[in-house]
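Shown next, in structure tokens, is the structure this report addresses.
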Amino acid sequence: MDKDVARNKSVDPLVVEEAIQELGREPSDDEQPRYVPIELVKPPCSNDASVMYHCYLIELKPNFDCDIPVSDIVLGTRNELDCDTIANMNFELQVQGGPLTVNFKHAGDVSLSSEQVLACRRFQITIFKILVDCKLKKLDEVLERFCLGQNHRTESIDYLLLPVERIHQRPSIIDLESIMSMSSLCNDDSKNSACVNFPQPNNNSHVLLHTQNGMVCTCRIQNSVVYTPHNSILYCITGLLDDLNGNSLMKDSKSLTYKAHYEAKHGINLCFDQQLLLNGRHIFRVQNYLLKCRQQTKKESSDKSVELPPELCAIIMSPISTSNLYSFSLVPSIMHRLESLLLSVNLKHMILDHCPQNITIPTIKVLESITTKGCQENFDLESLETLGDSFLKYAASQQLFKTYQNDREGLLSVNKDKIISNLSLGKLGCDRKISGFIREESFDPKKWTIPGDYSGNYFLNEELLFNKRSIYVGGTRKIDTEVVGDVVEALIGAFLSTGGELDAIYFMNWVGIEVDLDHIRYERHLQVQPEKLIDVGHLESLLDYKFCDPSLLVEALSHGSYMPGGYQRLEFLGDAVLDYMITAYFYHTYPGMTSPRFLTDMRSASVNNDCYARSAVKAGLHEHILASDIVHRNIDSTVNNFGLLSTESTFGFESETSFTNVLADIIEALAGAIFIDSVYNKQIVFQSIRRLLEPLVSPETLKLHPGREFNDYCQKKHYNVQKLVECFQNGEARVTIEVEAEGVTYEHKSTASNKITAHKLAQKQVLRSLKENGL
């Protein structure tokens with residue numbers, strides 16, 4: 001999540017993040033696999049006369065008044081989907097008009113002959129090529145390759161997506177009659193006037209019409225997809241227009257007939273101008289309906305009706321209703337979600353096979369953990385990643401603290417960073433093959449693999465995972481090591497949030513992070529008389545905690561200038577404990593936060609030097625610190641600066657001046673002291689320190705860090721941050737930021753005793769200037 005240096009609360013993580021983004025991310029050295037779930041892969045071909053398919057009903061229910069009725073769809077797979085997968089296939093698509101609910105149900109098994117399987121595959125390739133490409137250009141070539149590919153014996157993505165048969169308004173399974181009738185049309189596209197049993201809208205249901213296919217019954221064309229060669233456009237036909245033919249006046253015209261229009265614009269002379277015109281509409285465009293903020297257009301082109309002379313139309317698919325065409329345009333998004341969920345199931349099984357049997361995790365949490373922000377869906381890994389990051393930091397810190405009891409804080413921090421760095425986590429994740437499951441990009445329907453389509457260079461290779469389960473590799477890709485590390489942290493958060501700390505530890509051990517939560521006695525050799533050095537009773541009252549060993553209180557308040565090492569080891573431990581407890585508190589207190597990033601922002605606003613230092617001053621802890629005169633003078637300066645700020649809240653980033661870190665360190669050191677004295681009781685630590693931090697930030701009172709707000713504002717407006725100059729002069733940091741916005745350059749220079757504060761001040765001022773100028 002945050003970069004290594006940013007994990008120290010004394011360093012501004014947003015400044016570090018900006019610097020790293022400026023340098024660019026380094027991808028991992030090796031290409032990482034892109035896994036394909038085995039459930040959607042067809043095994044090598046056999047010569048069986050019939051094939052068994054497990055069928056699942058995809059129920060579609062719009063949650064708004066929809067102009068076009070939707071139809072349920074049947075999914076047929078060679079491999080059975082488990083109950084966990086089916087139970088989690090309940091979600092919403094963001095379609096034009098509003099949300100549409102998708103639900104999966106098991107619909108039994110069906111045995112299909114080889115002829116029926118061929119017809120079903122041909123149907124779905126045809127309909128999806130039409131919907132995805134909206135062109136006829138390559139359809140014949142694809143179908144030719146499909147026929148040739150029926151004898152290939154390699155694994156491929158292959159399942160059936162078919163229309164539902166309805167009997168007395170109730171769904172049966174597959175509408176094989178329509179599919180086979182459609183197949184007969186494709187096999188004899190010269191003159192096919194045979195009627196089909198399909199609901200017709202008017203009394204012209206059995207009239208022969210002249211078309212590009214020859215004489216065709218109206219029952220064939222009234223629910224069909226046609227192609228008009230004169231303009232190379234595909235249309236879906238909904239019926240005949242009772243009162244319009246070629247000699248009728250065009251809509252919105254007082255003198256121009258359809259016949260005259262086609263002759264003037266296309267040079268076409270309608271030979272059968274007495275034929276009724278067809279009512280058509282443009283083919284629905286396949287889109288990514290999983291996007292959380294899909295742009296809605298007032299009127300899509302598919303909504304517009306057109307009048308077409310039958311003689312200019314070549315039937316491509318029939319019978320196929322507008323309802324089915326619309327419903328099938330939603331399928332790529334639905335199948336992408338199913339594929340993502342199946343990847344989560346496979347990853348879940350791979351992990352749990354190496355954990356005790358009583359450990360479990362919801363599949364939906366695994367899906368959340370492998371979904372990055374780049375997917376732009378309604379959920380992503382950030383909340384779980386933030387939670388997992390805080391627990392990882394805590395688990396590693398307490399492990400190092402108890403294992404190396406004679407090491408100073410500096411060495412402990414170095415070893416901690418080696419454990420929790422994104423580089424280390426990323427390498428562990430790649431070694432455990434987690435990288436192959438990650439979802440990093442927004443779904444692109446144009447790149448969706450149509451099942452059974454052998455026209456592309458798409459090959460699958462079987463791979464065995466650690467648990468001897470099979471998965472298929474559908475290619476390779478470069479993934480940043482940092483992203484893999486983020487997913488590892490999110491999985492830690494997923495196990496922690498659903499199963500508790502031990503479950504998270506089991507997962508961490510499997511990944512390769514060797515930590516435990518065993519309690520070991522902390523050996524100390526501090527011989528002091530606490531009552532002679534500090535006011536023990538007052539401090540215990542302030543913390544609402546009575547120490548069993550008051551010498552821990554002395555150690556927590558002792559600066560290195562007063563005692564060798566001082567409070568640094570306790571600070572190291574308390575920092576991790578407090579960070580974890582605050583993050584966990586926010587995660588469980590606000591489970592319905594509108595954005596996954598809220599948890600990151602609330603943690604950032606609460607776990608920082610400003611917050612801790614102001615809490616220490618507010619409680620008067622600065623008066624009890626044991627330190628040299630120089631340190632006390634720095635403390636007094638900080639206290640005076642804070643005196644200019646409001647004391648109503650301690651969270652946030654209000655300070656516009658730099659200050660000594662001692663005040664913030666004391667809060668963390670006290671947390672570490674209470675943690676040890678209470679025999680590692682984190683809840684007691686949180687209850688005690690929370691008294692000093694109150695009121696805690698909430699979604700309503702949250703204020704963004706100036707750096708975060710500045711970056712988001714400039715990215716949203718597409719403004720260019722041209723320069724970021726940093727230098728030190730006369731012991732002060734100078735930062736210059738320039739932003740080019742709509743042809744105007746906004747610049748601000750800030751000076752402070754450290755770069756972090758100067759950077760924050762420059763960002764705040766430039767942002768203020770942009771807003772004041774209406775930008």
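The values are calculated or read from the model by the stated rules, or taken from the named source; none is laboratory data. Keep in mind that this is a model prediction, so the values were computed, not measured. Every residue, glycine among them, receives a Cβ derived from its backbone with ideal geometry; neighbour counts consider all protein chains shown. When the accessible area is computed, the model is the full protein with side chains, heavy atoms only, and any ligands, DNA or RNA have been set aside. Shrake-Rupley method; radii C 1.70, N 1.55, O 1.52, S 1.80 Å.
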Cα-based reach from Lys265 at 20 Å (exclusive), listing aspartates and glutamates while leaving out same-chain residues under 8 positions away:
Asp252, Asp273, Glu307, Glu311
In terms of solvent-accessible area of protein heavy atoms at a 1.4 angstrom probe, what is the ranking of Asp516, Asp273, Asp243, Asp252, highest value first?
Asp252, Asp243, Asp516, Asp273
How big is the accessible area of Phe401 in square angstrom, nearest 10, if you roll a 1.4 angstrom probe over the protein chains?
10 Å²
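I'd like the carbon and sulfur percentage of the solvent accessible area for the stretch 82-137, probe radius 1.4 Å, heavy atoms only, ligands and nucleic acids excluded. Could the numbers behind the result be given before it?
Working: 1090 of 2220 Å².
Ligands and nucleic acids excluded, carbon and sulfur reach 49 percent.
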Along the stretch 433-440, what does the Karplus equation 6.51 cos²θ - 1.76 cosθ + 1.60 (θ = phi - 60°) give for ³J(HN,Hα), rounded to whole Hz, x for Gly and Pro?
6, 5, 4, x, 9, 6, 9, 10
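Rank these by accessible area, largest first, 1.4 Å probe: Lys42, Lys682, Lys532, Lys418. Don't skip to the answer; put the middle values down first.
On the way: Lys42 5, Lys682 30, Lys532 155, Lys418 130 Å².
From most accessible down to least: Lys532, Lys418, Lys682, Lys42.
For Tyr585 and Val414 in one chain, what is 0.36 nm times their gap in residues minus the Cα-Cα distance, to one decimal in nm? Can you show the working numbers first?
Details: separation 171, 0.36 × 171 = 61.56 nm, distance 2.76 nm.
My answer for the length gained is 58.8 nm.
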16 Å Cα-Cα reach of Lys254 towards lysines, excluding residues that sit fewer than 8 places from it in its own chain
none
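Please list the three semi-axes, largest first and in whole Å, of the ellipsoid equivalent to the stretch 264-417, using sqrt of 5 times the eigenvalues of its alpha carbon gyration tensor. Present the calculation step by step, with values, prior to reporting the outcome.
Numbers: eigenvalues 740, 66, 22 Å².
For the stretch 264-417, the ellipsoid semi-axes come out as 61, 18, 10 Å.
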Between Asn730 and Asp133, what is the label-point separation in nm under the 7 Å Cα-to-beta-carbon projection?
7.2 nm
Taking N as the number of residues in the stretch 706-773, what is its alpha-carbon radius of gyration divided by 2.2 N^0.38 Å?
1.08
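Quick one: compute the contact order of the stretch 706-773, relative version, from alpha carbon pairs under 8 angstrom and 6+ residues apart, as a percent.
Working: 107 pairs, mean separation 19.1, N = 68.
28 percent.
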Accessible area of Phe123 in the full protein assembly, 1.4 Å probe (Å², nearest 10):
10 Å²
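Please work out the average accessible area per residue across the stretch 706-773, using the 1.4 Å probe convention, and give it in Å².
Values: 3780 Å² over 68 residues.
Ligands and nucleic acids excluded, the result is 56 Å² per residue.
In the structure shown, do any of Lys393/Lys771; Lys105/Lys447; Lys61/Lys717; Lys292/Lys416 have a Cα-Cα gap over 30 Å, and if so which? Don't skip to the end; give the middle numbers.
Numbers: Lys393/Lys771 38 Å; Lys105/Lys447 27 Å; Lys61/Lys717 37 Å; Lys292/Lys416 37 Å.
The pairs that break the limit, which is 30 Å between Cα atoms, are Lys393/Lys771; Lys61/Lys717; Lys292/Lys416.
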Any idea how far apart Asp629 and Asn641 come out in nm if each label point goes 7 Å out from Cα toward Cβ?
2.3 nm
Could you give each residue of the stretch 615-626 its phi-based ³J(HN,Hα) in whole Hz, using Karplus coefficients 6.51, -1.76, 1.60 with θ = phi - 60°, and x for Gly or Pro?
5, 5, 5, 4, 8, x, 5, 4, 6, 10, 6, 9
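What number comes out for accessible area per residue over the stretch 530-693 if the probe is 1.4 Å? Units Å², please.
Details: 6180 Å² over 164 residues.
That works out to 38 Å² for each residue.
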Glu742, Glu409, Glu747, reordered so the largest accessible area comes first (probe 1.4 Å):
Glu742, Glu747, Glu409
Which lysines, if any, have their Cα less than 22 Å from the Cα of Lys259, not counting same-chain residues under 8 positions apart?
Lys251, Lys304
log₁₀ of I(q)/I(0) at q = 0.10, 0.13, 0.15, 0.20 Å⁻¹ - the stretch 530-693, Debye sum with one point per alpha carbon:
-0.36, -0.60, -0.79, -1.34
So how do 542-551, 67-76 stack up, highest first, on mean other-Cβ count within 10 Å?
67-76, 542-551
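Quick check: at a probe of 1.4 Å, how many percent of the accessible area of the stretch 530-693 sits on carbon and sulfur atoms?
Of all accessible area on the stretch 530-693, carbon and sulfur atoms account for 49 percent.
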I'd like the accessible area for Ser50, computed on protein heavy atoms only with a 1.4 Å probe and all protein chains in place. Round to 10 Å², please.
60 Å²
To one decimal place, what Kirkwood hydrodynamic radius in Å is obtained for the stretch 423-491 from all pairs of distinct Cα atoms?
13.9 Å
How large are Rg and Dmax for the stretch 215-266 when calculated on the C-alpha trace, in angstrom?
12.7, 33
So what are the ³J(HN,Hα) numbers for the stretch 73-88, from phi and the Karplus equation (6.51, -1.76, 1.60; θ = phi - 60°), rounded to whole Hz, Gly and Pro as x?
10, 9, 9, x, 10, 6, 9, 6, 8, 6, 4, 4, 5, 4, 5, 8
